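A.B. asks: After the structure tokens below, expect a handful of questions from me.
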Amino acid sequence: MYCKNCGSEIDDNAMVCPYCGVMTDKANGQLASQKSGSNAIAIVGFILSFFFWIPGLICSIVGLKNAPQYGGKGKGLAIAGIVLSVLSGVFVIFYVALSIVKGGTNMFLY
């Protein structure tokens, strides 16, 4: 491949011309493939993890998987949503199991 700026022959996988420093077409194509904006599904997953742990977990996992498409945006929120959802799920399962063991029919009276 040849640099479009200086005409030097460069490696086909080069992102920047080593001679003049101009970005190659390959680098420009990769930048264009990244989505702009925010990773909304990661934000939704984080918020849902406080109230509904299963949908929060699902949205957070999808948000974490989509984070590279947004340049890493939302990765931290997605991880936090996963952690909160898992902790909430463990708490709910523990609470229901405790209620069953105690033989209570209304688990909200404890």
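Any read-out appearing in this document is the output of simple, stated calculations on the displayed coordinates, not a laboratory observation. These numbers come from a predicted model, not from an experiment. Virtual Cβ from ideal backbone geometry, glycine too; neighbours counted across all protein chains shown.
A.B. asks: Near the amide H of ALA14, under 5 Å away, which other amide H atoms are found, from residues 5 or more places off or on another chain, if H is placed in the peptide plane?
C.D. replies: It is none; the list stays empty.
A.B. asks: Using r as the Cβ-Cβ distance of PHE91 and ALA40, and R0 as 22 Å, what FRET efficiency do you calculate, to the nearest 0.05? Provide the component values of the computation, followed by the final result.
C.D. replies: Values: r = 27 Å, r/R0 = 1.22.
Computed FRET efficiency for PHE91 and ALA40 comes out at 0.25.
A.B. asks: Starting with the highest mean, order 61-74, 4-17, 82-95 by the number of other Cβ atoms within 10 Å, averaged over the residues of each peptide.
C.D. replies: Numbers: 61-74: 17.6, 4-17: 12.6, 82-95: 14.9.
Final packing ranking: 61-74, 82-95, 4-17.
A.B. asks: Let me ask something additional. Can you list the lysines whose alpha carbon sits under 21 Å from that of LYS4, skipping same-chain ones fewer than 8 residues off?
C.D. replies: Output for LYS4: LYS26.
A.B. asks: With the crude spin-label approximation of a point 7 Å out along Cα→Cβ, what separation in nm comes out for ASP25 versus LEU98?
C.D. replies: Result for the modelled spin labels: 6.5 nm.
A.B. asks: Can you figure out the FRET efficiency of GLN69 with ASP12, using R₀ = 30 Å and their beta-carbon distance, to the nearest 0.05?
C.D. replies: FRET efficiency, GLN69 to ASP12: 0.75.
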